[in-house]
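Below is one structure, written out as structure tokens; the observations come after it.
The values are calculated or read from the model by the stated rules, or taken from the named source; none is laboratory data. These numbers come from a predicted model, not from an experiment. Cβ sites come from the backbone with ideal geometry, for glycine too, and all protein chains shown count toward neighbours.
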Amino acid sequence: MPPIYLNNAATSWPKPQSVKDVLAKSLELPVFGSGRTTGTQGIDYVSLAREKAAGLFSTEPEKIVFSQNATDSLNTLINGFLLKNKGCRAVTTALDHNSVLRPLFENQRAGNVALDIADFSSGKVSPDVISELIRKDTKLVVMSHASNVLGSVQDVEAVSEILHDKGIFFIVDGAQTAGHINVDVEKIGCDAFVFTGHKALLGVAGTGGFYLKDADSIAPSRFGGTGTRSSELYQPNEMPEKFECGTQNVTGLAALAEGISYVESLGISEIHARAKRQSEYLISRFREAENIRVHYETPEVPVISFNIEGLSCEDVGFILSRKYGIVTRTGLHCAPLVHEKIDGGAGSVRISLSCFTTDVECKTAADAILEIAKNAASRLNSA
């Protein structure tokens, strides 16, 4: 019997049948793509994926760059910006993932940037808090669109308005929002928006990318063959070749294009409404137990973190997996600053849903967690 899989904020499962089908189809003929072959058979999956991603984020295909994942994209953008702006100040938030924090802290240790951290309250980073941290030498702000621990969506449009008046470059990490809520990069007003393929876009691991408004704002940090301008010994300056070198993950991008098509066929508004209803159900059930603490009770994407008094998060996750066949994630979720504030760094149990999560699975999970909480309370009361 397959598990009840509630770890979709890490990577989504299952994948649509159409995604599995296109993975196989993409291997039936040789790789086809401009500048790399004389063959004309097959489908140019890289261009198809670029067009699909551009449509999803309401931008032009030439502004979409592909990478291995969101972390890879963030390294390209952060390191590339600091190559052109060494010694500036940058702001990020205590809600952010290590994919943002580690590149920034490593650059701070190397003397490339001075870093300020915006705190959060009730799951949100106030744009005013970010504004208060800005100094005359602040040139970069990087923040998550949604917390991978709390599921709280940040007001990136308001932040963007503050920053652009000051000429500050703004990178939004959309790893947890792409596919869950509608994203219009022009409306957000960010300079760069990062996405990954293997979460809510229902693709496979090893795919991701970013939108970049202005190619000149970021210096490339990797170089190599692009299939274009091959007589030149320097990296092309045009998008996307400026940041894409070497052979692409063609099979993975075929899956990404199909995953986006599947999400669009369901409708992101419908996906969001279903996830909201299921999240509200789970949280309402957790309120039945006094010893369950939910760390953010109004998530805008389907991510719920909780602890049960008297049990470590690892123990809860172990029981859910071994006794009930329910897959979650426990620990710090690569977001240590969040956990310092919400649970003293002990870590939490995280449930995260996808468009394939059923109401029956939600009920089964709620029943199991309440039973674990009841048993934990009984042990505490008898001690």
Scan segment 178-190 and give yes if some residue there is free of Cβ contacts under 8 Å to residues at least 40 places away in the same chain, out of contact with any strand residue (DSSP E or B) (no Cβ under 6 Å at 6 or more places or on another chain) and under 25 Å from residue 93 (Cα atoms), otherwise no.
-> yes
Restrict the check to segment 130-140 and report whether at least one residue is of a type in the set (D, E, K, R), under 20 Å from residue 179 (Cα atoms), in the same structural domain as residue 186 (by TED's automatic domain parsing) and touching a residue at least 12 places away in the same chain (Cβ under 8 Å).
-> no
Pairing a residue in segment 286-297 that is more than 16 Å from residue 332 (Cα to Cα) and in the same structural domain as residue 368 (by TED's automatic domain parsing) with any residue that is charged (D, E, K, R) and at pLDDT 95 or above, where Cβ atoms lie under 6 Å and the two sit 6 or more apart in sequence or on different chains, gives 291/309
Flagged pairs (Cβ under 7 angstrom, 6 or more apart or on separate chains; first in segment 268-279, farther than 14 Å from residue 176 by Cα; second surrounded by fewer than 20 Cβ atoms within 10 Å (Cβ to Cβ) and hydrophobic (A, V, I, L, M, F, W, C)) are none
When the residues of segment 198-249 are filtered to those that are within 30 Å of residue 354 (Cβ to Cβ) and hydrophobic (A, V, I, L, M, F, W, C), which remaining residue is modelled with the lowest pLDDT?
-> 243
Among the candidates 133, 115, single out the residue that is of a type in the set (A, V, I, L, M, F, W, C), out of contact with any Ser or Thr (no Cβ under 9 Å at 6 or more places or on another chain), modelled with pLDDT of 95 or more and surrounded by fewer than 21 Cβ atoms within 10 Å (Cβ to Cβ).
-> 133
Kindly indicate the residue of segment 17-35 that is more than 31 Å from the chain's Cα centre (by Cα) and closer than 24 Å to residue 240 by Cα and also modelled with the highest pLDDT among those meeting that condition.
-> 30
For segment 304-327, enumerate the residues that are in contact (Cβ under 8 Å) with a residue 24 or more places away in the chain, out of contact with any helix residue (DSSP H, G or I) (no Cβ under 8 Å at 6 or more places or on another chain) and more than 12 Å from residue 368 (Cα to Cα).
-> 312, 313, 314
Is at least one residue of segment 215-227 touching a His at 6+ places or on another chain (Cβ under 9 Å), touching a residue at least 40 places away in the same chain (Cβ under 8 Å), in the same structural domain as residue 144 (by TED's automatic domain parsing) and within 27 Å of residue 23 (Cα to Cα)?
-> no
Do the conditions hold for residue 204, that is, is it closer than 29 Å to residue 366 by Cα and part of a loop (DSSP other than H, G, I, E, B)?
-> yes
Name the residues in segment 67-122 that are polar (S, T, N, Q), within 24 Å of residue 199 (Cβ to Cβ) and not in a helix (DSSP H, G or I), would you?
-> 67, 68, 69, 92, 93
For segment 140-166, enumerate the residues that are under 21 Å from residue 348 (Cβ atoms) and surrounded by fewer than 21 Cβ atoms within 10 Å (Cβ to Cβ).
-> 153
Test result for residue 293, in a strand (DSSP E or B), at pLDDT 95 or above and surrounded by fewer than 18 Cβ atoms within 10 Å (Cβ to Cβ) = yes
Residue in segment 132-143 that is under 20 Å from the mean Cα position of the chain (by Cα) and assigned to a loop (DSSP other than H, G, I, E, B) present | no
Scan segment 150-163 and report the pairs whose first residue is touching a residue at least 24 places away in the same chain (Cβ under 8 Å) and on the phi < 0 side of the Ramachandran plot and whose second residue is of a type in the set (D, E, K, R) and assigned to a helix (DSSP H, G or I), with Cβ atoms within less than 8 Å and a gap of 6+ or a chain change.
-> 157/187
